[in-house]
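Accompanying notes for the structure given below.
The values are calculated or read from the model by the stated rules, or taken from the named source; none is laboratory data. Quick caveat, the model's predicted, so the values are computed rather than measured. All Cβ positions, even for glycine, are placed from backbone atoms using ideal geometry, and neighbour counts span all protein chains on display. Ligands, DNA and RNA are stripped out before the accessible areas are found, and what is left, the full protein with its side chains, is counted by its heavy atoms. Shrake-Rupley method; radii C 1.70, N 1.55, O 1.52, S 1.80 Å.
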Amino acid sequence: MKPYAELTEQELEQEISSLRREYRRYQNMELQLDMSRGKPCREQLDLSMGMMDALNSQADLSCEDGTDVRSYGVLTGIQEAKVLLGDMMENNPDNIFIFGNSSLNVMFDVVSRAYSHGIMGNTPWCKLDKVKWLCPVPGYDRHFSITEYFGIEMIPVPMSPTGPDMDMVEKLVAEDEAIKGIWCVPKYSNPQGYSYSDETVRRFARLKPAAKDFRIYWDNAYGIHHLYDDKQDYLIEILAECKRAGNPDLVYKFSSTSKITFPGSGIAAMAASQNNLEDIRTTLKYQTIGYDKVNQLRHVRFFGDIHGMVEHMRKHAEIIRPKFEAVEQTFDENLSGLGIGSWTCPRGGYFISFDSLPGCAAAIVDKAKKAGVKLTPAGATWPYHHDPNDSNIRIAPTYPPMEDLKTAANLFTLCVRMVSAEKLLKEKKEAVPVSEKNEI
């Protein structure tokens with residue numbers, strides 16, 4: 001078929017009529033499919049069931065240094081867990097703190113700590129007239145929710161396949177002392193699946209912020225979440241690059257095992273300079289005596305080392321790679337050449353980013369919902385849930401079973417076609433000069 005924009009009014013009306021008949025067929029199927037969040041499927045969770053047997057009542061629950069993980073203490077995590085997560089994050093164990101089950105919780109705490117007590121002796125943000133934050137868009141909705149919760153003004157920064165617009169980032173942080181941070185998902189970004197280029201990472205490390213307490217919040221959530229063995233994105237290690245650039249304290253780096261083992265029962269980690277870690281330790285000691293060391297040891301015993309974790313992630317990829325490819329193939333078959341949408345084909349991570357014609361995303365999501373497919377709300381990938389173009393939709397292929405996923409992808413493309421055709425038909429009718437309408 002020709003691009004929709006080239007169709008006549010009559011051709012668009014015929015297309016819409018056909019699409020509506022097909023849409024009613026889907027409605028009659030009474031579907032209940034969920035593609036709203038990037039959750040691992042049951043088969044992925046089953047991969048980690050052996051972790052339940054890694055420790056039992058007969059197990060030696062002592063670390064190599066003699067620490068009994070059943071008791072209090074070891075505020076920043078057991079050494080074995082620091083080594084394992086350090087290898088996963090490509091950082092020295094000495095630069096690692098191990099926390100609880102969620103890196104999102106760690107990020108919230110870091111922002112909260114800065115808000116109430118300040119960073120390295122700087123003024124607490126709660127005492128400032130204005131605090132601002134840079135937000136690459138489209139981006140991770142839960143990041144934006146944290147800064148919104150603290151009343152921080154969020155400034156959108158456009159994303160490209162090489163990362164955020166660094167000209168804009170460099171200019172803004174250098175000129176405005178109120179800007180205290182930037183959210184980053186640097187590898188297989190949420191939702192586009194982009195990985196920052198070498199130049200982008202180097203420019204981040206060489207930022208010259210006006211604010212002494214500006215930090216890069218580097219959420220490397222998908223550092224080892226590759227879909228392919230032979231096509232893997234590479235990322236320059238940010239802490240080492242910051243140190244090389246003379247800015248060792250510029251970054252907080254976060255990661256976790258949430259989409260490696262059990263979401264909600266994993267372990268989270270933060271890597272940072274010694275100055276940053278010591279600053280955090282001064283308040284962390286009031287928050288806890290220590291996190292779940294039994295769970296830390298369980299992860300270490302289950303994986304053994306980073307090689308065990310890498311092999312484990314290959315098994316994850318074997319499960320979800322066909323799902324990504326099925327969605328991409330469906331989009332290609334049903335939408336290519338129509339000029340009504342574009343999408344990413346990532347090499348890793350958990351999402352595909354779809355861009356519709358401007359003004360169509362919310363209507364597409366609504367139509368899909370009314371036919372039984374739940375998607376991430378339109379606008380969620382922007383600060384304040386407001387996408388000015390109303391065009392970006394995050395697709396999460398991992399959770400549904402394959403057959404359900406194919407059904408959902410086909411229904412989604414049907415909704416894209418229907419909403420797009422209706423929009424273009426309306427525009428064509430509105431564009432007809434009044435004199436011609438009178439003649440008709």
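Measuring nothing but protein heavy atoms, the accessible surface of the chain at 1.4 Å probe radius is 47 percent carbon and sulfur. Helical content alone sets the calculated 222 nm signal of the chain at -13500 deg cm²/dmol, taking -39,500 (n - 2.57) per DSSP H segment of four or more residues and averaging over every residue.
In terms of packing, defined here as the mean over residues of other Cβ atoms within 10 angstrom, the peptides 260-266, 132-138 line up highest first as 132-138, 260-266. Magnitude of the charge dipole for the chain, about its Cα centre and with charges confined to Cβ atoms of Lys, Arg (+1) and Asp, Glu (-1), is about 720 debye. Solvent-accessible area per residue in the stretch 323-432 equals 38 Å², computed with a 1.4 angstrom probe and all protein chains kept. Contact order, relative form, for the stretch 171-308: 20 percent (alpha carbon pairs under 8 Å, 6 or more residues apart, mean separation divided by residue count). Note on the chain: with a GNM built from Cα contacts shorter than 10 Å, the maximum mean-square fluctuation among 80, 430, 15 falls on 430. Rolling a 1.4 Å probe over the protein heavy atoms gives the stretch 57-161 an accessible area of 46 Å² per residue.
Within the stretch 197-262, the percentage of alpha carbon pairs spaced more than 21 angstrom apart rounds to 33%. Expressed to the nearest 5 percent, the antiparallel share of DSSP beta bridges inside the chain is 45 percent.
Since only 10, 246, 392 are under comparison, the one whose Cα sits farthest along the positive direction of the charge dipole of the chain, derived from C-beta charges on Lys, Arg, Asp and Glu, is 392. Evaluated at q = 0.10, 0.11 Å⁻¹, the base-10 log of the normalised Debye intensity for the stretch 19-130, with identical point scatterers placed on the Cα atoms, takes the values -0.61, -0.69. Since only 220, 128, 182 are under comparison, the one whose Cα sits farthest along the positive direction of the charge dipole of the chain, derived from C-beta charges on Lys, Arg, Asp and Glu, is 128. Using θ = phi - 60° in the Karplus curve 6.51 cos²θ - 1.76 cosθ + 1.60, the 3J(HN,Hα) couplings for the stretch 11-17 round to 5, 5, 4, 5, 4, 4, 4 Hz; x is entered for Gly and Pro.
The mean sequence distance of close C-alpha pairs (under 8 Å, at least 6 residues apart), as a share of the length of the chain, puts its relative contact order at 25 percent. Peptide packing for 400-410, 45-55 was compared via the average number of neighbouring C-beta atoms within 10 Å per residue; ordered from the highest value, the list is 400-410, 45-55. Take 57-66, 278-287, 381-390 and order them by the average number of nearby Cβ atoms within 10 Å per residue, most first; the result is 381-390, 278-287, 57-66. Too long at a 24 Å Cα-Cα cut-off: which of 2/423; 82/127; 130/171; 127/187; 130/259? Over 24 Å apart, Cα to Cα: 82/127; 127/187; 130/259.
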